[in-house]
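Undergrad: The structure is given below, and queries will be raised subsequently.
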Amino acid sequence: MSDFAISKWVEISEEAIKNKGRLEAAISGGKTPEKLYQKIAGFKSPLPWDKTHIFLVDEKFVSHKSHESNYRMINQLLLKHVKIPKENIHPIPVEEKTSQAAAKKYEENLISYFKLARGGFPMFDLIFLGIGEDGHTASLFPDSPALKEPQHIAAAVMPEEISKHKRITLTFPVINNAKNIIFLVAGSNKAKVVKEILEEKNSVLPAARVKPKKGKLFFLLDKSAASYLK
């Protein structure tokens, strides 16, 4: 899975840099992509990091030093091992006072970087996503008001379980505006939800609502995650 994902990254990167001089990718936290980030960091042919911009799909409203932080994991496994300029890394600004303020600031940062007109959405070259057992993707959980967000680029999310952290996430209009979206899904605990999304077309599940307008959509599954598929 990681090798295929890297080959797509290289292919998409080459095309983006040829067309506009840079690659803009939004990547996710979680356990599944850890091996991918380690492999990219040790990739034998150095990627053009000086022309690569890395954004985060979502983040917990915790310090970047926290073990719960997506940025911390991505930095530890990938960013600190490659020659990427600091200004090419775009973490979610969790230093704001509230998760709502962090979402607003991240949105402002994206509007500024992508030079967006009023009501416009960024177009990422590549977005990596995962799927939770409950069918969530990014930090877009079932029954969350953020699922219906039509205008904002980023949204604050309060999971129903009090034990879970507040979060900031990119919204569906941004995700579905991407040129390439790759789901990485591993483990037998994901088999049921993968079947619901791919075969039963359960549109209630957040991950099933990832439908790029014009871009390409890939599902990379290990044998366990795909075990219920026909």
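The values are calculated or read from the model by the stated rules, or taken from the named source; none is laboratory data. Just so it is clear, the structure is predicted and the values come from calculations on it, not from any experiment. All Cβ positions, even for glycine, are placed from backbone atoms using ideal geometry, and neighbour counts span all protein chains on display.
Undergrad: Can you pull out the residues in the range 173-201 that are hydrophobic (A, V, I, L, M, F, W, C) and more than 16 Å from Phe55 (Cα to Cα)?
TA: Phe183, Leu184, Val185, Ala186, Ala191, Val193, Val194, Ile197, Leu198
Undergrad: Related question: Can you list residue pairs whose Cβ atoms sit under 9 Å apart, with the first residue in the range 78-91 being in contact (Cβ under 8 Å) with a residue 12 or more places away in the chain and the second being of a type in the set (Gly, Ala, Ser) and part of a helix (DSSP H, G or I)? Count only pairs 6 or more apart in sequence or on different chains.
TA: Leu78/Ala41; Leu79/Ala41; His81/Ala41; Val82/Ala41
Undergrad: Inspect the range 3-21 for any residue being among the charged types (D, E, K, R) and assigned to a loop (DSSP other than H, G, I, E, B) and give the result as yes or no.
TA: no
Undergrad: For residues that are over 21 Å from Ser112 (Cα atoms) and basic (Lys, Arg), scanning just the range 72-96, find the one that is surrounded by the most Cβ atoms within 10 Å (Cβ to Cβ).
TA: Initial filter on the range 72-96 (over 21 Å from Ser112 (Cα atoms)): 72-83.
Now narrow it down to the ones that are basic (Lys, Arg): 72, 80, 83.
Values: Arg72: 19, Lys80: 10, Lys83: 9.
Restricting to residues being over 21 Å from Ser112 (Cα atoms) and basic (Lys, Arg), the top hit is Arg72.
Undergrad: Could you identify the single residue in Lys192, Lys223, Lys216 that is basic (Lys, Arg) and either at pLDDT below 95 or under 30 Å from Phe61 (Cβ atoms) (or both)?
TA: Lys192
Undergrad: I'd like to check something: does the range 90-108 contain any residue that is of a type in the set (D, E, K, R) and modelled with pLDDT under 95? Reasoning before the result, please.
TA: Let us first name the residues in the range 90-108 that are of a type in the set (D, E, K, R), namely 95-97, 104-105, 107-108.
Now restrict to residues that are modelled with pLDDT under 95: none.
Checked the range 90-108: no residue is of a type in the set (D, E, K, R) and modelled with pLDDT under 95.
Undergrad: Being charged (D, E, K, R) and in contact with a helix residue (DSSP H, G or I) (Cβ under 8 Å, 6 or more places away or on another chain) is the filter here; which residues of the range 96-139 pass it?
TA: Within the range 96-139, Glu96, Asp125, Glu133, Asp134 qualify.
Undergrad: What residue, among those in the range 123-182 that are among the β-branched types (Val, Ile, Thr), touching a Pro at 6+ places or on another chain (Cβ under 7 Å) and under 19 Å from Thr32 (Cβ atoms), is surrounded by the fewest Cβ atoms within 10 Å (Cβ to Cβ)? Steps first, answer last, please.
TA: If we filter the range 123-182 for residues that are among the β-branched types (Val, Ile, Thr), which is where we start, we get 127, 131, 137, 153, 157, 162, 168-169, 171, 174-175, 181-182.
So of that shortlist, the ones also touching a Pro at 6+ places or on another chain (Cβ under 7 Å) come out as 137, 153, 174, 181.
Okay, now just the ones that are also under 19 Å from Thr32 (Cβ atoms), so 137, 181.
On the way: Thr137: 26, Ile181: 23.
This residue is Ile181.
Undergrad: Can you tell me how many residues within the range 194-230 are closer than 21 Å to Pro145 by Cα and touching a residue at least 24 places away in the same chain (Cβ under 8 Å)?
TA: 11
Undergrad: Please enumerate the residues belonging to the range 194-206 that are out of contact with any strand residue (DSSP E or B) (no Cβ under 9 Å at 6 or more places or on another chain) and either in a helix (DSSP H, G or I) or surrounded by 23 or more Cβ atoms within 10 Å (Cβ to Cβ) (or both).
TA: Lys195, Glu196
Undergrad: Every residue in the range 167-193 that is part of a strand (DSSP E or B) and of a type in the set (Ser, Thr, Tyr), please. Walk me through it before giving the result.
TA: Of the range 167-193, the ones part of a strand (DSSP E or B) are 167-170, 180-185.
Within the range 167-193, Thr169 is the sole residue that qualifies.
Undergrad: Let me ask something else about it. Scan the range 141-160 and tell me whether some residue there is in contact with a helix residue (DSSP H, G or I) (Cβ under 9 Å, 6 or more places away or on another chain), among the hydroxyl-bearing types (Ser, Thr, Tyr) and within 23 Å of Ser69 (Cα to Cα).
TA: Looking through the range 141-160, at least one residue is in contact with a helix residue (DSSP H, G or I) (Cβ under 9 Å, 6 or more places away or on another chain), among the hydroxyl-bearing types (Ser, Thr, Tyr) and within 23 Å of Ser69 (Cα to Cα).
Undergrad: Separate question: Could you tell me how many of the residues in the range 118-138 are under 16 Å from Phe219 (Cβ atoms) and either aromatic (Phe, Trp, Tyr) or within 8 Å of the chain's Cα centre (by Cα) (or both)?
TA: Of the residues in the range 118-138, 5 are under 16 Å from Phe219 (Cβ atoms) and either aromatic (Phe, Trp, Tyr) or within 8 Å of the chain's Cα centre (by Cα) (or both).
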